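Shown next, in structure tokens, is the structure this report addresses.
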Amino acid sequence: MKKIRIIEAVNQLGLGGTEYAVQLFSKFLNKDRFEVTVIGLLNGGERVRLIEDLGIKVILLNGDLVKLGQLLQETDVFHWHGNGSLEPELFKVIKANKPKIVIQTNVFGQFDNSPFYDVIDYDLYISKMILVRRMKLDMKLQDNYASKRKVLPYPVDIDHINSLVPTEDEVNQFKKANNLQDKFIAGRIGRSDDHKFDLITLDGFAEFAQKNEAARFLLLGSTPKISAHAALLGISDKIITLGTTSDLRQLLVYYKAMDVFLAASSIGESFGMVLAEAMTCGTPVVTISTEKRDNAQIEVIDNNQTGFVVKRDRKKIAAALTRLYEDPQIRVRLSKASKQKISTDYKAGKIAKSLENLIFKHLKLPYQENEKSLVVDFSKELVNDYIKRCIDLYGRPEFLKKILWLFKKKI
């Protein structure tokens, strides 16, 4: 059977999350059925070598749209990874040389209400939250494009992560080197960005640490503003600040050293790869709900099942940390459930297989659907699930949850 030629394309190939998704799709697509090429539309980056080491062809166009048009004429599927905005010059070329299928992985849920949107056959959102928000914004449009808007999350390379998980001795050596033996360690891993780090993280930790001398905070991605806030709270001596790194094995040492991963972003998450990595390691996660911003973290974390989702409130955060500190069995339960959730909903092989089957179905080719597809259509159930997750916060009384559900369901 002739292989399906697919291009996985992105603006550049650095170490960001979008580029990582391109790498994982190109890695896990079935090479018996697909001939994969990766394109960096504008330039390359550190990820070029990582993809080439997988035996996959990488082409850097340096903005050459004429060359892109030639490549499109020789392909079957164009899979674009972007923020949802459709750059006119780029999509003129795609429209003029349209292959059999054009797929967009829509990272931030933007919508370009132009004729170029008709070029896209499937607009895949990386979280249910982003799709629900997009559909709400577009509810008054004559066509809300529900038939081609779907959810397909980012893939998580569980097997690769598990192959790099450090030994208990390695984790203990790290703790000893940083005077963390017999400490209860909360932590955060992320880039050095004040917009990504909500200072409520430190407020909640400080509230918890007042009553728990063993409390420590492992911080990757600090900034002068974050350090100054820690000093203001009087907790600088409880914070271990480490430099950011792209070395996954070193990051896994940090994840495994933590008793709880405390994820509070002021702008929320459009997916939350660091949460998924922490859960793959079995580290319980506490996160906040950010209804007015990106909020995908509350679908990655199932409150009281795979972690705790709390209101943006220092006392609520402290209460969640206290419960995890006082009850090791809860940490064990959440750890086990977290690993299962990532394996069931985000495993890279399953995500890639779901994309393959979407392509096969569109091309009317035979395929085997041995397990449930992870491509999710928009539905009222999707909306209701998101509403319930926004309501179901740790520490919120059950009677209040019921009242809020009745109120929000009518809106």
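Restricting attention to region 365-386, does a residue exist that is at pLDDT below 95, out of contact with any Cys (no Cβ under 7 Å at 6 or more places or on another chain), assigned by TED's automatic domain parsing to the domain that holds Ala146 and among the aromatic types (Phe, Trp, Tyr)? Yes - at least one qualifying residue is present in region 365-386. Looking at region 119-129, is at least one residue crowded, with 20+ Cβ neighbours inside 10 Å, in contact with a helix residue (DSSP H, G or I) (Cβ under 9 Å, 6 or more places away or on another chain), of a type in the set (Phe, Trp, Tyr) and farther than 21 Å from Ile342 by Cβ? Yes - at least one qualifying residue is present in region 119-129. Would you say Thr283 is in the same structural domain as Pro328 (by TED's automatic domain parsing), more than 27 Å from Asn106 (Cβ to Cβ), in a strand (DSSP E or B) and hydroxyl-bearing (Ser, Thr, Tyr)? No; evaluated as a whole, the condition is false for this residue. Here the condition is being outside any strand (DSSP E or B), of a type in the set (Asp, Glu) and out of contact with any strand residue (DSSP E or B) (no Cβ under 8 Å at 6 or more places or on another chain); of Glu277, Glu291, it holds for Glu291 alone. Could you grab me the full set of residues in region 294-331 that are touching a residue at least 12 places away in the same chain (Cβ under 8 Å), in a loop (DSSP other than H, G, I, E, B) and at negative phi? Of everything in region 294-331, those that are touching a residue at least 12 places away in the same chain (Cβ under 8 Å), in a loop (DSSP other than H, G, I, E, B) and at negative phi turn out to be Asp294, Asn295, Ala296, Ile301, Asp302, Gln305, Thr306, Lys311, Arg312, Asp313.
Regarding region 179-189, can at least one residue be identified that is β-branched (Val, Ile, Thr) and part of a helix (DSSP H, G or I)? Scanning region 179-189, I find no residue that is β-branched (Val, Ile, Thr) and part of a helix (DSSP H, G or I), so the answer is no.
The residue pairs whose first member lies in region 12-25 and is closer than 13 Å to Asp157 by Cβ, whose second member is among the charged types (D, E, K, R) and part of a loop (DSSP other than H, G, I, E, B), and whose beta carbons are closer than 6 Å, counting only pairs six or more residues apart or on different chains, are Leu24/Asp157. Quick one: in region 34-65, of everything that is among the basic types (Lys, Arg) and out of contact with any helix residue (DSSP H, G or I) (no Cβ under 7 Å at 6 or more places or on another chain), which residue is farthest from Leu358 (Cα to Cα)? Looking at the filtered set, the residue picked out is Arg49. When region 146-177 is filtered for residues that are hydrophobic (A, V, I, L, M, F, W, C), farther than 26 Å from Leu382 by Cα and part of a loop (DSSP other than H, G, I, E, B), only Val165 remains.
Of all the criteria given as (1) in contact with a strand residue (DSSP E or B) (Cβ under 6 Å, 6 or more places away or on another chain); (2) closer than 19 Å to Ile288 by Cβ; (3) assigned to a loop (DSSP other than H, G, I, E, B), the one not satisfied by Thr244 is (2). Among the residues making up region 120-136, those that are assigned to a helix (DSSP H, G or I), among the aliphatic types (A, V, I, L, M), closer than 25 Å to Gly16 by Cβ and out of contact with any Gly (no Cβ under 8 Å at 6 or more places or on another chain) are Met129, Val132.
Could you please let me know if Ser354 is assigned to a helix (DSSP H, G or I) and outside the structural domain of Asn30 (by TED's automatic domain parsing)? For Ser354, the condition - assigned to a helix (DSSP H, G or I) and outside the structural domain of Asn30 (by TED's automatic domain parsing) - is not met. Considering each residue of region 84-97 in turn, none proves to be of a type in the set (A, V, I, L, M, F, W, C), touching a residue at least 12 places away in the same chain (Cβ under 8 Å), surrounded by 18 or more Cβ atoms within 10 Å (Cβ to Cβ) and farther than 28 Å from Phe34 by Cα. In the condition set (1) closer than 26 Å to Pro328 by Cβ; (2) touching a residue at least 24 places away in the same chain (Cβ under 8 Å); (3) surrounded by 14 or more Cβ atoms within 10 Å (Cβ to Cβ), His229 is compliant with all but (1). For region 247-271, the set of residues classified as in a loop (DSSP other than H, G, I, E, B), small (Gly, Ala, Ser) and within 16 Å of Leu220 (Cβ to Cβ) consists of Ala264, Ser265, listed by residue number.
Inspection of region 80-87 finds a residue satisfying the criterion of being in contact with a helix residue (DSSP H, G or I) (Cβ under 7 Å, 6 or more places away or on another chain) and assigned to a strand (DSSP E or B). Taken together, Thr287, Thr280, Thr245, Thr241 contain a single residue that is at pLDDT below 95 and either within 19 Å of Leu374 (Cβ to Cβ) or of a type in the set (S, T, N, Q) (or both), which is Thr245. Among the residues of region 256-311, write down those that are acidic (Asp, Glu) and within 16 Å of the chain's Cα centre (by Cα). The answer is Glu269, Glu277, Asp294, Glu299, Asp302.
Taking the stated definitions as given, is Glu52 in contact (Cβ under 8 Å) with a residue 40 or more places away in the chain, within 22 Å of Lys27 (Cβ to Cβ) and of a type in the set (Asp, Glu)? When the stated conditions are applied, Glu52 does not pass them.
Candidates are the residues of region 1-42 that are basic (Lys, Arg) and in a loop (DSSP other than H, G, I, E, B); the one that is nearest to Leu68 (Cα to Cα) is Lys3.
The values are calculated or read from the model by the stated rules, or taken from the named source; none is laboratory data. Quick caveat: nothing in here was measured; it's all calculated off a predicted structure. Ideal geometry is used to build each Cβ from the backbone, glycine not excepted, and the neighbour counts take in all protein chains shown.
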